[in-house]
1. Restricting to bridges with both residues inside the range 4-98, how much of the DSSP beta-bridge set is antiparallel, in percent to the nearest 5?
2. With r as the distance between the Cβ atoms of residue 58 and residue 26 and R0 = 25 Å, compute the FRET efficiency 1/(1 + (r/R0)^6) and round to 0.05.
3. As I understand it, the value is the acute angle between the Cα axis of helix 73-83 and the longest principal axis of the Cα atoms of the chain; what does it come to in degrees, rounded to 10?
4. Got a sec? How would 58, 72, 14 order by Cβ neighbour count within 10 Å, fewest to most?
5. Assigning unit charges at the beta carbon (Lys, Arg +1; Asp, Glu -1) and nothing else, what dipole magnitude in debye, to the nearest 20, does the chain show about its Cα centre?
6. Among the lysines, which have Cα under 29 Å from the Cα of residue 17 when same-chain residues fewer than 8 positions away are ignored?
7. Taking the beta-carbon count within 10 Å as an exposure proxy, list 29, 47 from fewest neighbours to most.
Amino acid sequence: MANPVAWFEIVGTDGAKLRGFYGELFGWKIDPSTTDMDYGLVAPEPKGIAGGVGRSEDGGAGHVTVYVEVDDLAASLARAESLVGPDGNTIGLWKPKS
């Protein structure tokens, strides 16, 4: 895959409820003690990626975002804008530190 999915995030109005739901549903180990926020980190498994589950920063409606690793943030953002993203979905762009 040229640009792999590197991280996912699931947020909503009640972080504890979300963590309980996804932890129970999928057997995810979600560590809520890793941040000062109502947010927990999902450890990557051999066939999966790391992610986060918790309360949205503004306390608003829930959403899921996938973060895709790219080489050039500005170029990738410009390309996304030129393609006119579908259905208003949010996608995260991530560039690892060199």
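1. Working: 12 of 21 bridges.
Rounded to the nearest five, the antiparallel share is 55 percent.
2. Calculated transfer efficiency: 0.45.
3. Approximately 80 degrees, to the nearest ten.
4. Exposure proxy ranking, most exposed first: 58, 72, 14.
5. The calculation lands at about 220 debye.
6. 29, 47
7. Going from least to most buried by this count: 47, 29.
Values quoted throughout were computed directly from the atomic coordinates according to the rules given, and no laboratory measurement underlies them. Treat the numbers as computed from the prediction; the structure is a model and nothing was measured. Cβ atoms come from the backbone with ideal geometry, glycine included; neighbour counts cover every protein chain shown.
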